[in-house]
Every structure is written in C-alpha cells, then in structure tokens.
1. I need the full set of residues from the stretch 89-122 which are hydrophobic (A, V, I, L, M, F, W, C), in a helix (DSSP H, G or I) and over 14 Å from the mean Cα position of the chain (by Cα), in order please.
2. Give the residues of the stretch 123-136 that are away from ligand 1 (no atom under 12 Å from the Cβ), farther than 20 Å from Gly32 by Cβ and not in a loop (DSSP other than H, G, I, E, B), sorted by residue number.
3. Do we find a residue being at pLDDT 95 or above, among the aliphatic types (A, V, I, L, M) and in a loop (DSSP other than H, G, I, E, B) anywhere in the stretch 28-49?
4. So how many residues does the stretch 93-118 have that are of a type in the set (Gly, Ala, Ser), surrounded by 23 or more Cβ atoms within 10 Å (Cβ to Cβ) and within 13 Å of ligand 2 (Cβ to nearest atom)?
5. Scan (1) more than 19 Å from Glu21 (Cα to Cα); (2) within 13 Å of ligand 2 (Cβ to nearest atom); (3) not basic (Lys, Arg) for the single condition Thr57 breaks and write down its number.
6. Tally up the residues in the stretch 62-91 that are away from ligand 1 (no atom under 13 Å from the Cβ) and among the hydrophobic types (A, V, I, L, M, F, W, C), please.
7. Please go through the stretch 72-88 and give me each residue that is more than 13 Å from Ile24 (Cβ to Cβ) and within 14 Å of ligand 2 (Cβ to nearest atom), ordered by number.
8. Given the conditions (1) crowded, with 19+ Cβ neighbours inside 10 Å; (2) hydrophobic (A, V, I, L, M, F, W, C); (3) over 15 Å from the mean Cα position of the chain (by Cα), which single one is not true for Phe60?
Amino acid sequence: MSNLEQTLSIIKPDAVERHLENEIKEMFKNNGFSIVKEKKIQIEKSEAEKFYKVHETKPFYSDLCEYLSSGPIVVMALEKENAVLGNRELMGATNPKDANEGTIRKKYGISIDKNSVHGSDSVENAKIEINFFFKD
Ligand code: IDP
Ligand code: MG
C-alpha cells in the first residue's frame with residue numbers, strides 16, 4: 001500500500017558552514033527522497049525557541065536555540081514513501097558517536113549538539129514543522 005509522506009529536514013549551521021549542503025542533498029536523493037520545498041535562511045533565536053519549544057525544559061534548550069540561529073540553515077520538505085521514519089534512519093542517532101555507518105550524522109556530525117541535520121520525529125510533527133517554515 002502506498003504511504004507517501006513528507007518530513008521536515010534541516011541542514012544545520014555546522015554543516016552549511018562546512019559546505020556540506022550539496023553532499024547531504026545528494027544523500028537524500030540517492031536514498032529516494034524528493035526535495036519538494038527548499039530554502040536557505042537564517043532565523044532569529046526567538047524563532048528557534050518556537051521551533052524547539054518541545055525541548056524548553058531541557059538543560060540544553062538555550063544553547064540549542066542559540067546554535068540553530070547562529071548561521072545559515074537549509075530547510076527542506078522531503079517526500080518519499082514512509083519519509084518520516086526513512087529520514088530518521090538515514091540521519092542516524094542524535095549523538096554521531098552512536099550513529100550507524102552510512103548515516104548522515106555518522107559521516108558528518110561533529111558532536112551531539114553539532115549533529116548536522118534535523119528530521120521530524122512523527123508524521124504529525126512533520127506537518128507542524130513543514131508549516132512552521134513554509135506557510136502557504
Ligand atoms: P533529534 O534531533 O535526533 O530528534 P532531539 O532529542 O529531538 O534529537 O534533540 C534535538 C536536538 O537537540 C538534537 O538534534 C541535538 O542537536 C540537541 N541535543 C539533544 N540532546 C542533547 C544533549 O544532551 N546535549 C546537547 N544538545 C542536545
Ligand atoms: Mg527531535
């Protein structure tokens with residue numbers, strides 16, 4: 001049965017800064033994802049705080065929002081069958097040290113905070129996150 005989904009992906013500042021944008025996009029395309037929406041932007045810390053609101057009680061929340069707003073990012077809506085889970089698999093574990101071989105975070109991630117990419121964690125959140133960056 002067909003289950004075409006979209007998920008929000010962000011190439012984070014550490015990866016944009018190291019000019020990894022095209023290599024990471026190639027990994028998405030090589031794994032069957034279509035990039036259906038895309039823009040390169042820099043956001044304010046206040047916007048990052050809204051985006052990461054689910055983490056507001058975590059000790060790393062302020063640093064996380066500071067970091068996401070520290071430089072240009074590439075936000076994309078990726079489309080594929082079962083895109084949400086597929087992207088989580090392709091990204092790898094949050095901590096690059098724990099990420100499997102062949103994943104984006106294993107290949108490019110520097111540390112748990114500078115882990116190169118964001119991906120939605122559920123279909124419901126994917127819709128909210130895509131709408132956050134791409135309001136029609
Ligand atoms: P995810 O990005 O794999 O979904 P989340 O738990 O949703 O991971 O955390 C969001 C982001 O917050 C992570 O990608 C990472 O950049 C950062 N983060 C998560 N845990 C820690 C931590 O323990 N210390 C510092 N930063 C963290
Ligand atoms: Mg998450």
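1. Restricting attention to the stretch 89-122, the residues satisfying the condition of being hydrophobic (A, V, I, L, M, F, W, C) are 90-91, 93, 99, 104, 110, 112, 117.
Those still in the list that are in a helix (DSSP H, G or I) too: 90-91, 104.
Hits for the stretch 89-122: nothing passes.
2. Glu124, Lys127, Ile128, Asn131, Phe132, Phe133
3. First pass over the stretch 28-49, keeping only residues at pLDDT 95 or above: 28-49.
Pick out the ones that are also among the aliphatic types (A, V, I, L, M) and you get 35-36, 41, 43, 48.
Among the residues that remain, those that are also in a loop (DSSP other than H, G, I, E, B) are: 43.
Yes.
4. First, the residues of the stretch 93-118 that are of a type in the set (Gly, Ala, Ser): 93, 99, 102, 109, 111, 116.
Adding the requirement that they be surrounded by 23 or more Cβ atoms within 10 Å (Cβ to Cβ) leaves 109, 116.
From what is left, the residues that are within 13 Å of ligand 2 (Cβ to nearest atom) are none.
Residues meeting the conditions: 0.
5. Only one criterion is unmet by Thr57, namely (2).
6. So the answer is 6.
7. Step one: of the stretch 72-88, the residues more than 13 Å from Ile24 (Cβ to Cβ) are 72, 77, 79-86, 88.
Passing the criteria: Val84, Leu85, Arg88.
8. Only one criterion in (1) crowded, with 19+ Cβ neighbours inside 10 Å; (2) hydrophobic (A, V, I, L, M, F, W, C); (3) over 15 Å from the mean Cα position of the chain (by Cα) is unmet by Phe60, namely (1).
The values are calculated or read from the model by the stated rules, or taken from the named source; none is laboratory data. Values in this document were obtained by computation on a predicted structure and should not be read as measured data. Don't worry about glycine lacking a Cβ; one is built from the backbone with ideal geometry, like all the others, and counts go over all protein chains shown.
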